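Notes follow the structure.
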Amino acid sequence: MSFQEGERSWTVMAGEEGAGQEKGFKLLGILDVQRTPCARDAILHGAGGSVAAGMLFFLSTSRVRRSFDVGFAGFMLTTLGSWFYCRRNNAKLRVQQRVIQEGIRNKMIIMTCCCSHIS
């Protein structure tokens, strides 16, 4: 194998890697987890909440079917709670950014007005 063949195979691998990133991962065919804000974290938190709730209920009662139900409820509650918490924090952050940007714009306008009178 020559150096050029190695470069060509490297280019093919990099092209395949880029194509996989554009595709994304869809949950249930509707929710694109990579592009939807907070979705990945919410699902991971939900999975942890599901395991914790199901295992704790099973260890305390030894009822398998009811433990599954409690685990599923734990998944739903933890996922939704984490989703709304994250979305609320993102909304607060966007408002703060907007206020800061407006303040910077106002300061720039004041600076340009003051500087134009000096000249």
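In segment 63-102, what trypsin sites (Lys or Arg not before Pro) fall in a loop by DSSP, with at most 14 other Cβ atoms inside 10 Å?
Working: sites: Arg63, Arg65, Arg66, Arg87, Arg88, Lys92, Arg94, Arg98; in loops: Arg63.
Of the trypsin sites (Lys or Arg not before Pro), the ones in loops of segment 63-102 whose Cβ has at most 14 other Cβ atoms within 10 Å are Arg63.
For Leu93 and Leu59, what does the FRET efficiency come to when R0 = 41 Å and r is the distance between their Cβ atoms, rounded to the nearest 0.05? Before the final figure, lay out the partial values.
On the way: r = 39 Å, r/R0 = 0.96.
Given R0 = 41 Å and the Cβ-Cβ separation, E is 0.55.
For Leu93, Leu56, give me the order by solvent-accessible area with a 1.4 Å probe, most accessible first, ignoring ligands, DNA and RNA. Spell out each step's value before the answer.
Details: Leu93 85, Leu56 120 Å².
So the residues, ranked largest to smallest area, are Leu56, Leu93.
The values are calculated or read from the model by the stated rules, or taken from the named source; none is laboratory data. All of these numbers come straight from a predicted model, not from anything done at the bench. In this analysis, Cβ positions are derived from the backbone assuming ideal geometry, glycine residues included, and neighbour counts consider all displayed protein chains. Each accessible area value is taken on the protein alone, full model and side chains, heavy atoms only, with ligands, DNA and RNA left out. Shrake-Rupley method; radii C 1.70, N 1.55, O 1.52, S 1.80 Å.
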